[in-house]
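Chemist: Below: one structure in structure tokens.
The values are calculated or read from the model by the stated rules, or taken from the named source; none is laboratory data. Fair warning: this is a prediction, and the values are worked out from it, not measured in the lab. Neighbour counts run over all protein chains shown; Cβ positions are idealised from the backbone, glycine included. Calculation scope for accessible area: heavy atoms of the full protein, side chains included, ligands and nucleic acids excluded. Shrake-Rupley method; radii C 1.70, N 1.55, O 1.52, S 1.80 Å.
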Amino acid sequence: MKKLLVLALAAPALAFAQPNSPSQPGISGQAAALRDAALRDDHVAWDVLEGLTTEVGQRMAGTEAEARGRAWALRKLTELGFSNVHVEPFEMDVWVRGEERAEIISPFPQSMAVTALGNSGATPAPGIEAEVIGFDSVAALEAASDESVRGKIVFVTHAMAPAQDGSGYGPFGAPRRQGPSLASRKGAAAIVIRSIGTDHHRNPHTGVQSWAAGVRPIPAGALSIPDAEQLQRMLDRGRTVRMRLVLTPRNTGRHPSGNIVAEVPGSDPSAGIVIVGGHLDSWDLGTGAVDNGAGVAITTAAAHRIMQAGRPRRTIRVVLFGAEEVGGLGGEAHFQGNRAAGNVVLVGESDFGADRVWRVNMNLAPANAALGDRVTALLAPLGIVRGRDPANAGADLGPWAQAGTAAIDLNQDGTRYFDYHHTPDDTLDKVDPSQLRQNVAAWTAMLAAVADAPEAIAPVEVAP
Ligand SMILES: [Zn+2]
């Protein structure tokens, strides 16, 4: 079944696998040639993605596994010939998963697939047993009286559906982000949510949530979508549903994390630095192939292609961020540590899997309109359209964009992204090599245009 799925997804890739040779007016023949070469050969991207997910596997922030990921990336980027390869260390509070089990005690005894959300509190080792109270939204939970919720296990469902631009994750992610604190404030014993995802497999989706100030941590888990639907059907029968829940995560204290930095030195230091990258850490359930080994591989491979073609005008800095999943700690650390230098002119992060890039959003100063048009023209043969929204540069490079640094987002098709996101199913076989190549081609084309742009790249005005 999985093989069929991959083949079916690979088929449309043929449409963009035909190299489209460069006689587009106004754009450099070299940038187009680099783009087309990337479509034919994914050696570096696949090597990085396959190596990282096989030799390291999951890379949970602040753990020994993430440290092995940093060591792996340091060695790989050095081997690939990047300059100034180093670690930017920082420390963080670390939370790790324990045992996780959920079972319905009555009226229909059976077990359910559950996983703890980040920063979840713990049950005692034997678990807790309580009545389940269901809500169809965070708003409904908010409206409930404390008395109706006290001592119970809160269940919150939602109706997230797949979307090409992934826009469901914002609104439908509320049960994960706000549900646990709200349930705790109302005196709930625990909370389980319908996983924030779009698949129909018994894979619960984890993800971070943070306790609001002063709120007591309670056990907080996600049921797989089929189990959440099963629980909803039980509740719809109007009988009292009792659940036993075992979640025993723990906080292990302060531990090191860090970003990996590598550069392709530019020939003109006065022209500024372009930062690209993705996050190196992952959740612990799968091997972090789609989220975000893919982004690491795509941006590394694109920068490598530019490096192989000769010295660009601007320095390209690749940053593989640590501890993104638990709150964007590495991105913030890089911003705080490097903003004062005042030499970063453009940023772009890849953190939405490896399905084909379908849209480019830019945040460029009016003075750089021509550069935007050149990037658009270079990307068009890859089937990429220009969007109307400003780029936001992702979780890790967002702080730069918010401070007025120019940014370009290459948006991947998110239709199946939330089938795998933060689940045990986020593994290498979900990445389609032909779509991965299209990503590298898009990033290579964008980087070639930006790094070699003869004009200055200006900051963007930020709303006060
Ligand atoms: Zn991610």
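Chemist: ASP93 to GLU129: FRET efficiency via 1/(1 + (r/R0)^6), r the Cβ-Cβ distance, R0 41 Å, to the nearest 0.05? Before the final figure, lay out the partial values.
Modeler: Numbers: r = 30 Å, r/R0 = 0.74.
Computed FRET efficiency for ASP93 and GLU129: 0.85.
Chemist: Another one. Can you order the peptides 397-407, 34-44, 443-453 by their average number of other Cβ atoms within 10 Å per residue, highest first?
Modeler: 443-453, 397-407, 34-44
Chemist: Taking the Cα centre of the range 202-325 as origin, sum charge times position over the Cβ atoms of Lys and Arg (+1) and Asp and Glu (-1), and report the length of that vector in debye to the nearest 20.
Modeler: Approximately 320 debye in magnitude.
Chemist: Where nothing but the Cβ of Lys and Arg (+1) and of Asp and Glu (-1) is charged, how large is the charge dipole of the chain around its Cα centre, in debye to the nearest 20? Could you put the intermediate results ahead of the total?
Modeler: On the way: 41 positive and 50 negative charges, 76 e Å.
Roughly 360 debye for the chain.
Chemist: Now, a different point. If I fit a long axis through the Cα atoms of helix 433-451 and take the longest principal axis of the Cα atoms of the chain, what angle between them do I get, 0 to 90°, rounded to 10?
Modeler: Once rounded, the angle reads 50 degrees.
Chemist: If you don't mind, there's one more thing I want to ask. Could you give me the percent of Cα pairs per 10 Å distance bin for the range 393-453, shortest bin first, beginning at zero and ending with the bin that holds the maximum distance?
Modeler: 17, 37, 35, 11, 0
Chemist: Turning to a different aspect of this structure: Provide the gained length on full extension for the span VAL215 to ARG237, in nm with one decimal, where the gain is 0.36 nm per separating residue minus the Cα-Cα distance. Don't skip to the end; give the middle numbers.
Modeler: Numbers: separation 22, 0.36 × 22 = 7.92 nm, distance 3.29 nm.
Difference between extended and current length: 4.6 nm.
Chemist: When averaged across all projection directions, what area in nm² does the alpha-carbon convex hull of the range 176-235 cover?
Modeler: Projected area, direction-averaged: 4.2 nm².
Chemist: Over the alpha-carbon set of the range 108-194, work out the extent along each principal axis and list the three values in angstrom, largest first.
Modeler: Cα spread of the range 108-194 along its principal axes, largest to smallest: 42, 29, 29 Å.
Chemist: Also, I was wondering about something else. Can you compute the modelled spin-label distance between ASP47 and ALA456, with each label point 7 Å from Cα toward Cβ, in nm?
Modeler: A separation of 3.9 nm, rounded to one decimal place.
Chemist: If I stretch the segment between THR415 and ASN251 completely, what's the gain in nm (0.36 nm per residue apart, minus their alpha carbon distance), one decimal?
Modeler: In short, 55.6 nm is gained.
Chemist: A further question follows. What net charge is computed for the residues neighbouring ILE104, neighbours being all others with C-beta under 10 Å from the C-beta of ILE104, Lys and Arg scored +1, Asp and Glu -1?
Modeler: Result for the local shell: 0.
Chemist: Determine the order of THR376, THR54 by accessible area, beginning with the largest, at a probe radius of 1.4 Å. Show your work: numbers first, answer last.
Modeler: On the way: THR376 35, THR54 90 Å².
Sorted descending by solvent-accessible area, the residues read THR54, THR376.
Chemist: Within 9 Å, Cβ to Cβ, of HIS205, how many net charges do the neighbouring residues add up to if Lys/Arg are +1 and Asp/Glu are -1?
Modeler: Here the count lands on 0.
Chemist: Given points 7 Å out from each Cα along the Cα-Cβ axis, report the ALA367 to ARG202 separation in nanometres with one decimal.
Modeler: Label at ALA367, label at ARG202, 6.1 nm between them.
Chemist: Additional query: Cα atoms only, the chain: Rg and Dmax in Å?
Modeler: Reported Rg and Dmax, both Å: 23.0, 72.
Chemist: Moving on to the next point. Go ahead and run the numbers for FRET between ALA143 and ALA380, Cβ-Cβ distance against an R0 of 35 Å, rounding to 0.05.
Modeler: 0.10
Chemist: State the extension gain, in nm to one decimal, for the chain segment bounded by ASP389 and GLN308, taking 0.36 nm per residue of separation less the distance between their alpha-carbons.
Modeler: 25.9 nm
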